[in-house]
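Input: a single structure, listed below in structure tokens.
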Amino acid sequence: MTDSFTRVYRLAIVVVLAVVGAAVGWILFYRVPDTLADLAGLLLFIGTVVAALRVGGRLAASAFPDYDVAEVAVEGPISRDGGGGPVPGRGGGTPADDIVEQVDAAADDDSVDALLVKLNTPGGEVLPSDDIRRAVADFDGPTVAYATDTCASGGYWIASGCDELWSHDVSVVGSIGVIGSSVNASELADKVGLSYERFAAGKYKDAGMALKEPTEDEREYLQGLIDDYYDDFVERVAEGRDMDPQVVRDTEARVYLGEEAHELGLVDSLGSRDDVEDRLAERLGRDEVSVREFTPEVGLTDRLRGGVEGAAYAFGAGLASSVDPDDGFSFRF
């Protein structure tokens with residue numbers, strides 16, 4: 001169905017329902033009453049017309065959607081719950097599960113023929129990043145990733161699941177690597193009189209605990225895990241980008257500006273958002289596309305909580321960077 005026919009059908013639905021609403025409102029609230037309530041009836045009549053217009057608009061949008069491309073944004077640090085700052089609970093990005101849900105919603109929408117993944121992220125946790133990548137890779141249709149400010153590490157992992165990656169010429173792209181971190185506070189513990197008592201089953205169960213000095217065996221064990229993650233990262237990128245794995249390794253987790261990333265083959269094309277939409281239209285064989293942003297619904301409670309957390313973070317970020325002795329080893333892209 002062409003865009004012109006779609007607009008005509010949508011307008012027809014809205015007009016019909018507006019006329020019906022106007023007729024019903026006139027009969028019920030204005031014409032029949034002949035008392036001083038006429039004024040109130042007139043107001044109710046106007047309200048009925050407005051409600052009919054809103055219902056008609058929603059019904060028309062549902063029956064004849066005016067979009068054919070879904071946009072899903074991955075912004076901020078990637079994590080399971082959307083956190084990412086130094087303060088627990090500090091929301092730094094959209095929860096990975098919510099992003100996967102929006103990709104799945106786009107895949108289930110019969111009006112969506114292509115997926116645009118907007119990336120502005122420094123990376124984040126391994127498994128949440130992989131969940132998003134898998135959802136994108138499973139989408140049945142053209143998928144184009146678009147890097148705005150930053151597409152690094154876990155963001156690039158997600159992009160490798162798309163058919164194409166576009167960026168600005170000054171976007172920051174790359175950081176194909178994995179980091180594992182654990183604070184070693186054993187000397188500090190000795191100074192303040194704390195000691196680590198081990199109650200664990202399994203030689204490596206407490207490897208990476210902050211209050212104990214890691215042994216060489218534990219260091220080798222943890223580094224082995226990092227190396228395994230890295231090998232998988234390189235293989236996925238090489239496969240998704242159709243690159244030689246050694247070329248990917250040779251980047252040594254560097255970041256590049258978009259122009260250099262394009263020269264190295266890490267980015268398919270450089271351009272603006274309009275250029276990306278033109279490319280999607282080309283892939284779909286159309287003159288143009290219409291993009292609808294798929295975003296998770298955020299309730300009032302979540303919005304208020306986010307505002308409170310933001311204020312708390314701004315007030316106490318310096319104090320909140322202190323070490324938690326219970327923290328263990330963590331892996332991040």
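Just so you know, all these numbers are worked out from the coordinates, no wet-lab data involved. Keep in mind that this is a model prediction, so the values were computed, not measured. Counting neighbours? That spans all protein chains shown, and the Cβs are built from the backbone with ideal geometry, glycine included.
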Original post:
If each of Leu225 and Ala200 carries a label point 7 Å out from its Cα toward its Cβ, how far apart are those two points in nm?
Top reply: 1.0
Original post:
So what are the ³J(HN,Hα) numbers for segment 287-297, from phi and the Karplus equation (6.51, -1.76, 1.60; θ = phi - 60°), rounded to whole Hz, Gly and Pro as x?
Top reply: 6, 7, 10, 10, 9, 10, 7, 9, 10, x, 6
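Can you order the peptides 275-288, 197-210 by their average number of other Cβ atoms within 10 Å per residue, highest first?
Put in order of decreasing packing, that is 275-288, 197-210.
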Subject >> Length gained when the stretch Ser182-Asp109 is fully extended (0.36 nm per residue, less Cα-Cα span) >> reply: 22.0 nm
Original post:
Taking 0.36 nm per intervening residue step and subtracting the Cα-Cα distance, what contour gain separates Asp81 from Gln246 on full extension?
Top reply: 56.0 nm
